[in-house]
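Enquirer: This is the structure I have questions about; it appears just below.
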Amino acid sequence: MTPELIMPVIASIGWLIVVGAALASHRLKWSQVAKMALVWAAIFGGLYVLVEWYLTVRDAAGSTSSI
């Protein structure tokens, strides 16, 4: 691991702890937690797919050359 990645990894772990503590304070059932996790994963996965598609289309349109 490079020194440039140490701080982001530590910050990500810290944010996961904060989110986990906030979620635990609501005392939800495991089924509700799993449902919410799947919904958030679907939201972020969908956004990721849209951004990747946009970048691919933009690169493909920019690489065409006229003769």
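All of the numbers you see were taken from the coordinates with simple rules; none came from a lab. Predicted model only: the values in this text are computed from it and were never measured.
Enquirer: Ordered by residue, what ³J(HN,Hα) values in Hz, to whole numbers, does segment 46-55 give under the Karplus form 6.51 cos²θ - 1.76 cosθ + 1.60, where θ = phi - 60° and Gly and Pro are x?
Expert: x, 5, 4, 4, 5, 5, 4, 4, 4, 5
Enquirer: Would you please state the base-10 log of I(q)/I(0) at q = 0.11, 0.14, 0.16, 0.29 1/Å for the chain, with intensities from the Debye formula using one equal scatterer on every alpha carbon?
Expert: The Debye formula, applied to the Cα set alone, gives -0.53, -0.73, -0.83, -1.11.
Enquirer: For residue 16 and residue 58, calculate 0.36 nm times their separation in residues minus their Cα-Cα distance, and state this gained length in nm to one decimal.
Expert: 11.8 nm
Enquirer: Another one. As a test of the formula, what do you get for the chain when each DSSP H run with n ≥ 4 contributes -39,500 (n - 2.57) and the sum is divided by the residue count, at 222 nm and rounded to the nearest 500 deg cm²/dmol?
Expert: -30000 deg cm²/dmol
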